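Let me begin by presenting the structure, written as C-alpha cells, before commenting on it.
The values are calculated or read from the model by the stated rules, or taken from the named source; none is laboratory data. Bear in mind the structure is a predicted one, so any value in this text is a computation, not a measurement. We place every Cβ from the backbone using ideal geometry, glycine too, and count neighbours over all the protein chains shown. SASA here: full protein model, heavy atoms, side chains in, ligands and nucleic acids out. Shrake-Rupley method; radii C 1.70, N 1.55, O 1.52, S 1.80 Å.
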Number of protein chains: 2
Amino acid sequence: MSSSLEANKKAVQEFYDFVINKKDFESARKYMGGRYKQHNPLVADGPEGLKAFIEFLKTNFPEARSEIKRVLADGDYVILHVHSIRPPNLRGRAIIEIFRLENGKVDEHWDVIQEIPEESANSNGMF
Amino acid sequence: MSSSLEANKKAVQEFYDFVINKKDFESARKYMGGRYKQHNPLVADGPEGLKAFIEFLKTNFPEARSEIKRVLADGDYVILHVHSIRPPNLRGRAIIEIFRLENGKVDEHWDVIQEIPEESANSNGMF
C-alpha cells in the first residue's frame, strides 16, 4: 500500500477521534481543508458546521463514543466502518463514513447511519 | 491501481446489478464464493439467504432500482455508495455496501442503510 494511502488512513482516524470521542474542534480543525463539504443531512456545511455538531454532541451526548472497526482507502478516499454508541442506547448504531482528502487534508464527508436492530436474521453481527 | 483492484470493482458492480436491478440469482451466484457471510440483519446467511432476499425483492419491490454513485476498493474489499429506490418512496435510501472478496469471488457483505430525509441542513445532497 502506498505511503499516501497509509498517511490518509492515519489522518482520518486521528481526525475522527478528535471529533467524536474527544469532541475537540480546535484539534480536529488542523486536519481539515478549507471547504469541508458536508453531506450528512443533519450537519451544516463547512468547518463551522462541524464545530456546531461537536457542540451538539457535548451538550446532548457527552458520553458518545465510536469504535472504528475497519479502515479502508482508495486514492483520496478513506472509508471508516464504525460502531457508534450514544448512551443510553447501548446497542448503538452502525455507520459507514467516507472522507475525501485534498493534499492530505479532510475536505469532504458522507455517511450512512443505521440503528443496530435487536433481532437479526443471521448470527454474524453488523460488523 | 492494480489489476486485482480493478477486477474486484468490476466483479462487484456486475454482481450487484444482477442482485438488485436484474433480480437474477443464478447469474449473481457465479460471482459468489461458497460462504457469502451476511451481516445485513434482515438477510439470512449464505448464498441461500441471498436467494431468498432476491425472491423477497421480486415479490415486494419488483421495480426496486439502485444506482451506484461511487466505487472504491482496498485489498480484498470493494465499497459501493448507492442510491436505492423502492417505489413508491421515490426519494429513496442512501446505502454504503462493503464486500470482501476471496480469490475474486464475493464472500462477505456488510451494509448500512438510511432513508434520505426530506429536509437537510446543507444543500449538498447525500451523495
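Computed quantities for the displayed model
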quantity	calculated
Residues being more than 23 Å from A:VAL78 (Cβ to Cβ) and either modelled with pLDDT of 95 or more or within 7 Å of chain A (Cβ to nearest Cβ) (or both) - total across the stretch B:68-92	3
Pair list, Cβ under 6 Å, 6 or more apart: the stretch B:106-127 residue under 26 Å from B:LYS37 (Cβ atoms), other residue acidic (Asp, Glu)	B:ASP111/B:GLU97
Residue list for the stretch A:82-109, filter: within 19 Å of B:ILE113 (Cβ to Cβ) and under 9 Å from the mean Cα position of the chain (by Cα)	A:VAL82, A:ILE95, A:ILE96, A:GLU97, A:ILE98, A:HIS109
Residues that are assigned to a strand (DSSP E or B) and of a type in the set (Ser, Thr, Tyr), drawn from the stretch A:71-125	A:TYR77, A:SER84
Qualifying residue in the stretch A:110-120 (condition: touching a helix residue (DSSP H, G or I) at 6+ places or on another chain (Cβ under 8 Å) and more than 21 Å from B:PRO117 (Cα to Cα))	no
Subset of the stretch B:53-67 [hydrophobic (A, V, I, L, M, F, W, C) and open to solvent by 60 Å² or more (accessible area, probe 1.4 Å)]	B:PHE56
Criterion violated by A:PHE18 - all others in (1) at pLDDT below 95; (2) in contact with an Asp or Glu (Cβ under 6 Å, 6 or more places away or on another chain); (3) over 28 Å from B:LEU5 (Cβ atoms) satisfied	(1)
Within the stretch B:26-46, tally of residues that are open to solvent by 20 Å² or more (accessible area, probe 1.4 Å) and in a helix (DSSP H, G or I)	3
Tabulated pairs, the stretch B:1-16, first among the hydroxyl-bearing types (Ser, Thr, Tyr), second modelled with pLDDT of 95 or more and not in a helix (DSSP H, G or I), C-beta under 7 angstrom, 6+ apart or interchain	B:TYR16/B:ILE68; B:TYR16/B:LEU80
A:PHE99 being touching a helix residue (DSSP H, G or I) at 6+ places or on another chain (Cβ under 6 Å) and within 20 Å of B:GLU97 (Cα to Cα)	yes
Residue list for the stretch A:21-38, restricted to those being aromatic (Phe, Trp, Tyr) and modelled with pLDDT under 95	none
Residues (of a type outside the set (D, E, K, R), under 30 Å from A:GLY46 (Cβ atoms) and within 10 Å of another protein chain (Cβ to nearest Cβ)) located in the stretch A:96-127	A:ILE96, A:ILE98, A:HIS109, A:TRP110, A:VAL112, A:ILE113, A:GLN114
Enumeration of residues in the stretch B:54-67 that are among the hydrophobic types (A, V, I, L, M, F, W, C) and either in contact with a Ser or Thr (Cβ under 8 Å, 6 or more places away or on another chain) or within 10 Å of chain A (Cβ to nearest Cβ) (or both)	B:ALA64
